[in-house]
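Working notes, structure below.
The values are calculated or read from the model by the stated rules, or taken from the named source; none is laboratory data. Predicted model only: the values in this text are computed from it and were never measured. Backbone-built Cβ (ideal geometry, glycine too); neighbour counts: all protein chains shown. Just the protein is used for accessible areas: all its heavy atoms, side chains included, with ligands, DNA and RNA removed. Shrake-Rupley method; radii C 1.70, N 1.55, O 1.52, S 1.80 Å.
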Amino acid sequence: MGKWIVDFQGRNHSTAIKLNFLWQQDNIFIMDNHRAALWCWLDVLKKSESVNLFHVDRHFDALFSAKDYAHFPHDDFEGFGIKEYLEFGYDNDFFAVTPLFRWDNYLGLFIEKYGEKIGEWAFATHGKGSAPRNIGFAAYEPWELPAALNKLEGNWIFNLDLDYFFGRMADNKMGRLFTDAYINDWGNELRKAYDTGTIKVLTISLSPECAAGWAGAEAALAAFNEGLGISFTLPE
């Protein structure tokens with residue numbers, strides 16, 4: 001049975017600093033954006049000498065700022081609860097607090113903090129946002145996936161944003177690029193890798209702002225979850 005780590009707040013805008021929900025079943029986490037992904041990986045990071053990371057997303061999510069990293073809570077971080085993680089930040093020049101962990105920089109912070117623990121990096125993106133710095137990585141195209149997932153070996157953190165399955169249409173609105181069958185196959189392949197222990201933790205983001213709204217993101221999630229074999233829907 002799954003549980004809410006962050007109770008559902010409604011179908012609101014996420015922006016870079018808000019999280020509307022976080023749900024967990026075993027080591028599978030579903031959230032509205034990947035801001036909390038790094039927190040979800042902590043248990044695996046603490047237990048593993050070395051692990052690999054696969055990031056699938058329209059965006060790299062790897063923005064890095066030395067100013068952000070200067071405020072990283074190194075001593076206490078791995079003991080943070082989710083509330084402490086989401087609320088942690090630093091004072092800015094506008095008499096407000098800048099949250100440290102945001103949806104555009106969490107992976108950049110992760111690379112700087114834990115990069116030496118990662119044996120292999122793999123990315124499948126649309127080339128949006130800030131690319132990772134100071135690492136080499138395997139890059140995958142949509143036509144290579146999800147078939148390539150059955151070739152994964154070792155221990156993997158797998159980070160999937162459903163906005164990977166969407167793009168900007170001629171009317172400048174976001175629309176689905178791939179069929180239910182294709183997205184369902186992703187769920188099937190990830191379930192196999194999860195059940196064999198190859199994937200140690202799976203983090204899934206809806207990113208409604210980048211995936212044709214909540215309706216589009218939830219429809220893609222339904223197709224994905226059918227293949228993954230979990231029962232999860234958001235409250236009405």
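Here the relative contact order of the stretch 171-219, from alpha carbon pairs under 8 Å that lie six or more residues apart, stands at 43 percent. Shown are R176, R102, whose ranking by accessible area with a 1.4 Å probe and every protein chain present, most to least, is R176, R102.
Restricting the chymotrypsin sites (Phe, Trp or Tyr not before Pro) of the stretch 186-236 to loop positions (DSSP other than H, G, I, E, B) with no more than 16 neighbouring Cβ atoms within 10 Å leaves F232. A simple packing score, the average count of other Cβ atoms within 10 Å per residue, orders the peptides 39-49, 18-28 as 18-28, 39-49, with the highest score first. Counting only Cβ charges, +1 for Lys and Arg and -1 for Asp and Glu, the dipole size of the chain around its Cα centre is about 180 debye. Which of F77, F110, F165 ends up with the largest GNM mean-square fluctuation for the chain, with Cα atoms connected below 10 Å? Evaluated over the chain, the most mobile residue of the options is F77.
Using a 1.4 angstrom probe on heavy atoms only, work out the carbon and sulfur share of the accessible area of the stretch 103-236 in %.
Accessible surface attributable to carbon and sulfur in the stretch 103-236 totals 48 percent.
Rolling a 1.4 Å probe over the heavy atoms of the protein chains gives the chain an accessible area of 46 Å² per residue. The stretch 1-77 and the stretch 92-121 have their alpha-carbon centroids 10 Å apart. Summarising the strand pairing of the chain, around 35 percent of its internal DSSP beta bridges are antiparallel. Pair-distance distribution P(r) for the chain, from all Cα-Cα distances in 10 Å bins starting at 0: 7, 34, 39, 17, 2, 0 percent. Structure note, pairs K173/K200; K18/K192; K83/K192; K151/K173; K18/K67; K47/K128: Cα-Cα distances above 28 angstrom occur for K173/K200; K18/K192; K83/K192; K151/K173; K47/K128.
A simple spin-label model places the labels of N92 and F232 2.9 nm from each other, with each point 7 Å out along Cα-to-Cβ. The label point for F64 and the one for Q9, both projected 7 Å from the Cα toward the Cβ, are 2.9 nm apart. Say a paramagnetic label sat at a point 7 Å from the Cα of L177, along Cα to Cβ; which residues of the stretch 51-75 have their backbone N under 16 Å from it? Under cut-off, by backbone N: 55-61.
For the stretch 2-63, with all protein chains present and a 1.4 Å probe, just round the carbon and sulfur fraction of the accessible area to a whole percent. The computed percentage sits at 46.
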